[in-house]
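Below you'll find the structure, written out as structure tokens, and then a few comments.
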């Protein structure tokens, strides 16, 4: 009898301890970048805690990352790096806070990259895209109808089982109480990241991101934003890109590779001249970042070279914050791509609260295509003609949505297939780009 009571009390103690640690979790875990020898897992707690990850492939024993202690100065964020891994392998992982397992009600997985080079064709893979994620907070929101809705879209994305997701900007919406302090900027990042419907997607899909104005600063903000260094620091702490500040001049410019596709993560805010500037040669990316991009594209041997920029690049409608509103800067970019005869370039963008494809036919060159995908949960607008003469017919959508991009085929003959889905995961339309389409004629 005494043994039975003892076992019962121990079980109760363990259960209470487990629940206490689960209540200590603010958000995550989130899977960041994937590489051959490691991956990144991000966790945020509500108070100081010792955080570690246990992980194992099928049939293996569990091993652990180093323990990281979260602090108030670091916004209670821990970044952990599982590194006892093999190439091309999927791992199940577990979260431990203060040495107590914190169970999640959804799968927790990460994967390492496959070493296909000089051995096989590159493996097929799929990634999700989206932009403009607004989570309501009534005390800070503008009066009237709530701007954010349909958070279940994140559950629709995870059900498609992508390998990773690229967030194309406006991944949070900073608001009036947020702009002027580090506390405000961190509050908004924390509030968005803790969205309940988002957690399963964070837990098993790798994530990469760029920003646009709303996760950088005030609406339409530019290089003059006085707190841009604070915003940059917060962005780098809340996301798990493998590189940042690629130019050395500040900002979140970076790059990553997945199999045979290379992604160039551009910063359209940190070096941008004000929209209202009367200088006809005003900067959009800035000369240093543009030079880096052209060099990186020229050096790349990727099947597709995907340039991710918060605002639309190819649309020729000079409206809102499109690249076309900086015509000389846009011309410099397109002219330099042409001058270097860079093959395989595809643009991806967000911002616009609608989805469309723009296609620029060029004499003696392949077409330049821009896939704009927006919004995830923020407001939408009715269909309208903005004057984009490069818009692809029947490839628009004006409700909340996300994209799924599948890359497949033999090496040198790859195909990129984009499918747009509505917020419930129902197919809207698709669009295919063959690698051969993005080459110069020999």
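Please treat every number below as a calculation from the coordinates, not as lab data. These numbers come from a predicted model, not from an experiment. All Cβ positions, glycine included, derive from the backbone under ideal geometry; neighbour counts span all protein chains shown.
Counted over the range 241-344, the DSSP beta bridges are approximately 50% antiparallel. Its relative contact order, with pairs defined as Cα atoms under 8 Å and 6+ residues apart, puts the chain at 14 percent.
Put simply, the C-alpha atoms of the range 25-111 give a gyration tensor, and the ellipsoid matching it has half-axes of 22, 13, 11 Å, longest first.
With all pairs of different C-alpha atoms in the average, the Kirkwood value for the hydrodynamic radius of the range 211-326 is 14.8 Å. Over every Cα atom in the chain, the radius of gyration and the widest Cα-Cα span, Dmax, amount to 22.4, 88 Å. Rounded to the nearest 10 degrees, the inclination of helix 2-24 to the longest alpha-carbon principal axis of the chain is 20 degrees. Under the shape rule built on the C-alpha gyration tensor, where the axes satisfy a ≥ b ≥ c, the range 294-442 is oblate, since a/c reaches at least 1.5 while a/b does not exceed b/c. Nearest 10 degrees, 0 to 90: what angle lies between the long axis of helix 182-193 and the longest principal axis of the chain (Cα atoms)? Helix 182-193 sits at roughly 80 degrees to that axis. Relative to the longest principal axis of the Cα atoms of the chain, the long axis of helix 287-299 lies at roughly 90 degrees. With neighbours defined as other Cβ atoms within 10 Å of a residue's Cβ, the residues 204, 69, 224 order from fewest to most as 224, 69, 204.
With an a/c value of 1.5 or above and a/b not larger than b/c for the gyration tensor axes a ≥ b ≥ c computed over the alpha-carbon atoms, the range 367-442 is described as oblate.
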